């Protein structure tokens, strides 16, 4: 029978070529797997990041007899050294700054850090010299400052902070790394950050922020406690803190969601509407005062944790579909006047934050957002009068 001319014929040479090709692919796959296996044993350490913490000794509360945020500095440095801020594979050198009266206490903090033998901690610079402290730093966490004390006029408090942040801004301007990221924690955080921005003009405005993540975390926790069936705080996301880190801030849950046993649900469907517009807001606004009343000191632990959260998300990025609250320089979004340090919902990617756009704002929220913006405008005017 004649062979079908359209039917391919496979000779032994074709089979040999096919087997040779298969052998080559197998060898390539084998060596690629071997290289990846061997590479897994090669540890390439990142360059250390220099992190400045001001008010690191936590002693100003004793020196000035104030309820002060200085203990945040003492609380945050071990968190940073353990990798909670920059990740478990990022080494760092800590730069610790405090005033001269706290110099001896600062020595003690440095000794404690060394004694803790943190694997990621590659060095400690502890000093009362602002220039030395700011030298080549990549991240600056500004904890040092003087908050308003009972009986103190707001102008007096702002005036004292203007002088502090003017000096520290100048040092950062001249001596920090060109890409330095700054987080202002000390109250009034928004206005302190604005002062720093004005006296450090070479630092990109995108690189100066203030802390409202503590309020954001408080809001998440309040929602988790309110929702039935034991929803965990990690199941709640996309709450917003609008405005000033003060009693006028607006905690907004209108866009928040929670993962429940029935799936992902809008938070406003899971909680009482009256609670969301009254008790929820006042509890978050007054939480700091409640903690001071309970422990006779400010909320240092939770503030330090929130500062780590803020920097970690800023540097490493926010999870997909999730935003966080950060005090940033307003660009006019949501009708907020430009030129204010105002808390917005933001997402972060590759070290850059972006304000979440397109959220619907109802009449109730609009009034709350404008009220806290008004307070920031007033604080800005007072700070400028102090500069004059």
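For the condition at pLDDT 65 or above and assigned to a helix (DSSP H, G or I), residue 56 does not qualify. With respect to the conditions (1) closer than 27 Å to residue 259 by Cβ; (2) at pLDDT 95 or above; (3) in a helix (DSSP H, G or I), residue 325 falls short on a single one, namely (3).
With respect to residue 208, determine if the residue is touching a residue at least 40 places away in the same chain (Cβ under 8 Å), touching a strand residue (DSSP E or B) at 6+ places or on another chain (Cβ under 6 Å) and more than 24 Å from residue 50 (Cα to Cα). Here the answer is no, as residue 208 does not meet what is asked. Condition check for residue 300 on (1) closer than 29 Å to residue 205 by Cα; (2) surrounded by fewer than 19 Cβ atoms within 10 Å (Cβ to Cβ): one failure, at (2).
If you go through segment 296-306 one residue at a time, do you hit one that is more than 23 Å from residue 54 (Cα to Cα) and outside the structural domain of residue 83 (by TED's automatic domain parsing)? No, segment 296-306 contains no residue that is more than 23 Å from residue 54 (Cα to Cα) and outside the structural domain of residue 83 (by TED's automatic domain parsing).
Matching residues to (1) in the same structural domain as residue 95 (by TED's automatic domain parsing); (2) surrounded by 10 or more Cβ atoms within 10 Å (Cβ to Cβ); (3) in contact with a strand residue (DSSP E or B) (Cβ under 9 Å, 6 or more places away or on another chain); (4) at pLDDT 65 or above:
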position	(1), (2), (3), (4)
11	no, no, no, no
19	no, yes, no, yes
27	no, yes, no, yes
30	no, yes, no, yes
38	no, no, no, yes
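Scanning segment 236-247 for residues that are at negative phi and crowded, with 17+ Cβ neighbours inside 10 Å yields 236, 237, 239, 240, 241, 242, 244, 245, 246. Residue-level check: of (1) more than 29 Å from residue 75 (Cβ to Cβ); (2) crowded, with 18+ Cβ neighbours inside 10 Å; (3) in contact with a strand residue (DSSP E or B) (Cβ under 6 Å, 6 or more places away or on another chain), residue 380 misses just (3).
The values are calculated or read from the model by the stated rules, or taken from the named source; none is laboratory data. What you see is a predicted model; the values in this text were computed from it and never measured. Every residue, glycine among them, receives a Cβ derived from its backbone with ideal geometry; neighbour counts consider all protein chains shown.
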